[in-house]
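Accompanying notes for the structure given below.
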Amino acid sequence: MGYKLIAIDMDGTLLNSKQKVSQKNIQAIQEAKSKGIYVVLCSGRAYDGIIDSAKILGINESDQYMICYGGSVIQNYDQEVIYQRTLKNENCEEIARFLTNKKIHYKFIDNTGTLYQSYQDWIEKHMLNPKLGIVKVLLKTRKHKLPEVLKLVHEQYDSDYFVVQTSEKELEIFPKNVNKGNALERLTKYLKISPKEVMAIGDYDNDMPMFKTAKFSVAVDNAIPKVKQLSDAVVADNDHDGVAEAIEKYVLE
């Protein structure tokens, strides 16, 4: 069965170490798009952090889609939102209290990409604009402290939220069942595409849910070990056109 949608993580996957998209990746994605295949950027970033890459790739059209904020929002490039899930204010207040007591640095991020240093900052803004909502909580710590923080946060919140490590120094808290995989499943239903017609490419913990949703999953060579283990194939790293290799080998051939 041919693929109709390619879901691609950005940081560490599509983007190289200089945060650029290689010419080979651009060419492969444009060729896939020319064959009517959806190319969906799936990122923890906000719209503003995705749009420039989408323009370079030539996929920034109203009939193309992105999954942003780690799966909290699905929208097209006209910024029409087809799905959004946010944290309740009372949940944000409790999370802020817990993290403050544990001396863990955090920021709330709303559905416009605005960052808030405290619950008080957020609630004051929300009172002025009730349409805003918190899509995730970003936690930062020192690399050597991350295992301890991960254990603490997982124990506290796994039953009611989705907690995931997103880098060597960061983890994020989302509403329950909000992740790239569930967002990808929602988007395929919206587009009337079977998960059997989807390929996903990624490198880190937060990409694993979409690996479980897609029929075929590809890890770039710089991916962490457990992502490689879960994947169906491994290609070159993000500095050597791994995305292009995956598309050329498994979609275009």
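Please verify whether residue 193 is aliphatic (A, V, I, L, M), farther than 26 Å from residue 222 by Cα and part of a helix (DSSP H, G or I), treating the condition exactly as stated.
no
If I ask for residues that are closer than 15 Å to residue 191 by Cβ, among the aliphatic types (A, V, I, L, M) and buried (at least 16 other Cβ atoms within 10 Å of the Cβ), which ones from the stretch 64-94 would you list?
66, 67, 74
Quick grid of which residues meet (1) of a type in the set (D, E, K, R); (2) touching a residue at least 24 places away in the same chain (Cβ under 8 Å); (3) under 24 Å from residue 150 (Cα atoms):
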residue: 44; (1), (2), (3): no, yes, yes
residue: 48; (1), (2), (3): yes, yes, no
residue: 119; (1), (2), (3): no, yes, yes
residue: 124; (1), (2), (3): yes, no, no
residue: 128; (1), (2), (3): no, no, no
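Can you tell me which residue is farthest from residue 90 (Cα to Cα) among those in the stretch 120-173 that are among the small types (Gly, Ala, Ser) and surrounded by 14 or more Cβ atoms within 10 Å (Cβ to Cβ)?
167
Kindly provide the set of residues from the stretch 91-115 that are over 18 Å from residue 44 (Cα atoms) and assigned to a strand (DSSP E or B), ordered by number.
Of everything in the stretch 91-115, just one residue is over 18 Å from residue 44 (Cα atoms) and assigned to a strand (DSSP E or B), namely 105.
Hey, can you tell me all the residues within the stretch 214-226 that are surrounded by 23 or more Cβ atoms within 10 Å (Cβ to Cβ) and either polar (S, T, N, Q) or in contact with a helix residue (DSSP H, G or I) (Cβ under 7 Å, 6 or more places away or on another chain) (or both)?
Those that are surrounded by 23 or more Cβ atoms within 10 Å (Cβ to Cβ) and either polar (S, T, N, Q) or in contact with a helix residue (DSSP H, G or I) (Cβ under 7 Å, 6 or more places away or on another chain) (or both): 214, 217, 218, 219, 220.
Would you check which residues across the stretch 3-38 are closer than 19 Å to residue 63 by Cβ, out of contact with any Gly (no Cβ under 9 Å at 6 or more places or on another chain) and either aliphatic (A, V, I, L, M) or touching a residue at least 12 places away in the same chain (Cβ under 8 Å) (or both) and list them?
Of everything in the stretch 3-38, those that are closer than 19 Å to residue 63 by Cβ, out of contact with any Gly (no Cβ under 9 Å at 6 or more places or on another chain) and either aliphatic (A, V, I, L, M) or touching a residue at least 12 places away in the same chain (Cβ under 8 Å) (or both) turn out to be 3, 5, 6, 31, 32, 36, 38.
Hey, residue 207 hits all of (1) outside any loop (DSSP other than H, G, I, E, B); (2) surrounded by fewer than 20 Cβ atoms within 10 Å (Cβ to Cβ); (3) among the acidic types (Asp, Glu) but one; which does it fall short on?
Condition (2) is where residue 207 drops out.
Every read-out reported here was derived from the displayed coordinates using simple, explicitly stated rules and does not represent laboratory data. What you see is a predicted model, and the numbers here were worked out from it, not measured in a lab. As a convention, Cβ positions derive from the backbone with ideal geometry for all residues, glycine included, and neighbour counts pool all protein chains shown.
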